[in-house]
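Scroll down for the structure; my scribbles are underneath it.
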Amino acid sequence: MGDEGTTSPVFDIKNKRLKELCKQVDELKADDQEVIYRILDMAITQEKMKQVMR
């Protein structure tokens, strides 16, 4: 989910499994990365909506 020549993110992913998957995602084609981006975005949006509804 990054382009060559860009700098590393300022944050660190603490979850080791997620961190390893992110490294692997970086090697995928752009279309596959977009699918993963949408899934993550939907999961985060859903969680935010749950918090608002409480």
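The values are calculated or read from the model by the stated rules, or taken from the named source; none is laboratory data. Note that the coordinates shown come from a computational prediction; the quantities given were computed from them, not determined experimentally. As a convention, Cβ positions derive from the backbone with ideal geometry for all residues, glycine included, and neighbour counts pool all protein chains shown.
Key figures
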quantity	calculated
Pick from region 1-19, criterion β-branched (Val, Ile, Thr) and surrounded by fewer than 10 Cβ atoms within 10 Å (Cβ to Cβ), ranking: modelled with the lowest pLDDT	6
Test for residue 25: is it β-branched (Val, Ile, Thr) and loosely packed, with under 11 Cβ neighbours inside 10 Å	no
Contacts under 7 angstrom Cβ, first residue in region 27-54 being modelled with pLDDT of 95 or more, partner assigned to a helix (DSSP H, G or I) and of a type in the set (A, V, I, L, M, F, W, C), 6 or more apart	33/25; 36/25
